[in-house]
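> Sharing a structure, written as structure tokens. Questions coming.
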Amino acid sequence: MVSREAIHTLLYPNSIAVIGASRNPKKIGFQIVYNLVKDGYRGRIYPINPYANEIMGFKAYPSIKEVPDEIDLAVISIPADKVEKAVKDSIDKGVKALVVIASGFSEVGNIDMERAIVDIVDSAGVALLGPNVVGVLNTTHSMNLSFCPSLPYKGRITMITQSGALAIGLVGWTWANRIGLSKMVSIGNMAQIGFEEMLEYLEGDDDTDTILLYMESVKDGRRFVDVARRVSMYKPIVAIKAGRSVRGAKAAMSHTGSLAGDVKLYDVAFREAGVIPAYGLEDGFDKALALHLQRPMKGGNIVVVTNGGGAGVLASDFAEENGLPLKDLPSDLMNSVRRVISPFGSPRNPIDLTGNAYKDDYIEVLEKVLTHPWVDGVVAIYVHAAITDPLEVADGIVSVANKYPDKPLTMAMIGGREVAIANAWLRDNGIPVYPSPRRAISAMSALYQYGKFLNRQLPRK
Ligand code: ACO
């Protein structure tokens, strides 16, 4: 079994050899060296190419064995039939971790070729990521060891993905949506390191507080549940399980050689392990963001506060569909809300502040709601009206939410350009905000499910 220390070297190497570093900017081997430099990697870089003397100003070596210094990690970007030799050379050189970018292994039926590499690395105690991967991106180590266009937006969520192409696309998404990642790790065919090993490592990773998985299959279901249940006690895990349909399962087989398995079994396993299921990329990031920014719900009572009646109705529908039906407010809370809202509004749940609500109306009502012991979570909704500046409302929401961090709050802000600016600001200031009530409710349901899992783990009195 691969050691924690070897995986640590994979994620935080101090020196990297790029086997297949190319002179051609259109090749992956060039882009890896380029990205390391461009995105600020501070360790040593050694291009390996028997046909080049120098690549991007770095001296190139014909073989990794000819590099005079110690090397922590080798990334291999040469065709599959040459990989085994490069793996052996790297191990002779003493690397502790390997990333095999090349495709052409078990995903296309070359199982023996993949097995041979695993046998070599396992007997040497070396960590192996891949084959068939995009690489490793670590924002806290300023390391873009991949052919993704840039590092993701920096933060504390770590994403482990079986799809490399998704990693490539999602890097830009994290910037556009202000979702901060600590690491993005593409695990491809999972010949040695899979979800189980990564979760075990992340349990003790100080730079990660929330984990997001894009998963087609796991290597060992029982072990996954055991590890995930343990990790979930400290760090929430959200999983996007792909290959849920018959056709999708077939596509997973040709993509990463994955047996996508029975979806119902995965659903049961996730429930047992406290893993929060997500349905698609948007839902996965929405839930991971909420779990990263907010505390889990302690019970099942949510209150919706809105300035738009229709948005409140939609939120009520979605809440019920998500297993979090809105309930009548306790009469003392309803009466105190009634005293401060417009006579045209509604003090019931959803609380409707009406379209002429200002920042102070939100603050006043949220104060009452967040401090009431019956309330376990709040979904605030703002529909942009010309009489208010969304940034002002956003500022009010942050000020009141920060006073009561134990009560989770998600938000929907509906509108155009001004709202997009306020949303970005809100996310940077700790509020999981979404462009629709459905997504804000779905995010709150993740906080509810995670809270329920944590409650189940408490010793019975
Ligand atoms: N050691 C070191 N360098 C070597 C060696 C060797 N043994 N042999 C050749 N090289 C050099 C080459 O000369 C070349 O350099 P140059 O361009 O300066 O001449 C460089 O290394 C690269 O070798 P190529 O043979 O040109 O290989 P190429 O870059 O075309 O392809 C690759 C290699 C990218 C690994 C390809 O085989 C492959 O598997 N592509 C798919 C990668 C992929 O998609 N991975 C999964 C991502 S997941 C997803 O969904 C996207």
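> Check whether at least one residue in region 443-458 is touching an Asp or Glu at 6+ places or on another chain (Cβ under 6 Å), crowded, with 19+ Cβ neighbours inside 10 Å and within 17 Å of F285 (Cα to Cα), and report yes or no.
Checked region 443-458: at least one residue is touching an Asp or Glu at 6+ places or on another chain (Cβ under 6 Å), crowded, with 19+ Cβ neighbours inside 10 Å and within 17 Å of F285 (Cα to Cα).
> Consider region 37-66. How many of its residues are in contact with a Phe, Trp or Tyr (Cβ under 7 Å, 6 or more places away or on another chain), within 12 Å of the ligand (Cβ to nearest atom) and within 20 Å of M143 (Cβ to Cβ)?
Qualifying residue count for the region: 4.
> Within region 122-139, which residues are away from the ligand (no atom under 14 Å from the Cβ) and in a strand (DSSP E or B)?
A127, L128, N138
> Among (1) buried (at least 24 other Cβ atoms within 10 Å of the Cβ); (2) closer than 12 Å to I19 by Cβ; (3) touching a Lys or Arg at 6+ places or on another chain (Cβ under 8 Å), there is one condition D89 misses while meeting the rest; what is its number?
If we test D89 against (1) buried (at least 24 other Cβ atoms within 10 Å of the Cβ); (2) closer than 12 Å to I19 by Cβ; (3) touching a Lys or Arg at 6+ places or on another chain (Cβ under 8 Å), just (1) comes out false.
> I160 is checked against (1) under 18 Å from A273 (Cβ atoms); (2) surrounded by fewer than 21 Cβ atoms within 10 Å (Cβ to Cβ); (3) among the aliphatic types (A, V, I, L, M) and fails just one. What number does that condition carry?
Tallying (1) under 18 Å from A273 (Cβ atoms); (2) surrounded by fewer than 21 Cβ atoms within 10 Å (Cβ to Cβ); (3) among the aliphatic types (A, V, I, L, M), I160 fails exactly one: (2).
> Something else now. Helices (runs of 4 or more DSSP H) wholly in region 376-461 with at least 1 residues that are in contact with a strand residue (DSSP E or B) (Cβ under 8 Å, 6 or more places away or on another chain) and under 22 Å from L181 (Cα atoms) - which ones?
Here the list reads 417-428, 437-457.
> Filter region 299-312 for residues that are touching a helix residue (DSSP H, G or I) at 6+ places or on another chain (Cβ under 6 Å) and of a type outside the set (V, I, T) and give the result.
Correct list: A311 only.
> Of all residues in region 408-422, which are crowded, with 17+ Cβ neighbours inside 10 Å and either among the aromatic types (F, W, Y) or without any contact (Cβ under 8 Å) to a residue 60 or more places away in the chain (or both)?
M411, M413, V419, A422
> Take L289 and tell me if it is closer than 13 Å to S445 by Cα, touching a Pro at 6+ places or on another chain (Cβ under 6 Å), at pLDDT 95 or above and not small (G, A, S).
Considered against the rule, which asks whether it is closer than 13 Å to S445 by Cα, touching a Pro at 6+ places or on another chain (Cβ under 6 Å), at pLDDT 95 or above and not small (G, A, S), L289 comes out as yes.
> Among the numbered criteria (1) closer than 30 Å to Y358 by Cα; (2) not assigned by TED's automatic domain parsing to the domain that holds V337, which single criterion is violated by V304?
Here V304 clears every test but (2).
> If you don't mind, there's one more thing I want to ask. Name the residue that is farthest from N49 (Cα to Cα), counting only residues in region 77-114 that are more than 9 Å from the ligand (Cβ to nearest atom) and touching a Phe, Trp or Tyr at 6+ places or on another chain (Cβ under 9 Å).
The residue in question is I111.
> Can you tell me which residues in region 311-331 are in contact (Cβ under 8 Å) with a residue 40 or more places away in the chain and part of a helix (DSSP H, G or I)?
Matches in region 311-331: A311, G312, L314, A315, F318, A319.
The values are calculated or read from the model by the stated rules, or taken from the named source; none is laboratory data. Since the model is a prediction, treat every value here as computed from it, not as a measurement. Heads up, the Cβs are rebuilt from the backbone with ideal geometry, glycines too, and the neighbour counts pull from every protein chain shown.
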